[in-house]
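Written out below as structure tokens is the structure these notes cover.
A short reminder: the numbers here are calculations on the coordinates, not readings from a lab. Only a predicted model underlies this, so the values are computations on that prediction, with no experimental measurement involved. No Cβ is skipped: glycine too gets one built from the backbone with ideal geometry, and neighbour counts run over all protein chains shown.
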């Protein structure tokens with residue numbers, strides 16, 4: 001039996017186009033997770049660039065993730081030093 005909350009979330013996520021603010025929040029959270037730190041003010045230009053690039057694709061998850069992995073903060077992230 002599916003939860004109505006899960007079903008509702010699923011319908012929102014699978015129905016393009018995503019709301020612009022929701023897409024911006026998703027990018028910020030995914031960038032935070034990918035970098036292993038919170039999004040900073042210096043990340044905002046990259047987030048805006050990802051949003052611009054994802055807009056023609058109606059903010060599909062594919063366009064958001066492609067923008068994320070090709071962004072400068074993601075490409076230039078550092079691994080923690082080995083112990």
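Taken along the Cα-to-beta-carbon direction at a fixed 7 Å, the label points for residue 32 and residue 19 span 1.8 nm. With the gyration tensor restricted to C-alpha atoms of the chain, the semi-axes of the equivalent ellipsoid amount to 26, 17, 10 Å, longest first. Applying 1/(1 + (r/R0)^6) with R0 = 35 Å to the Cβ-Cβ distance of residue 78 and residue 7 gives a FRET efficiency near 0.30. For the pair residue 49 and residue 65, label points projected 7 Å from Cα toward Cβ lie 2.1 nm apart.
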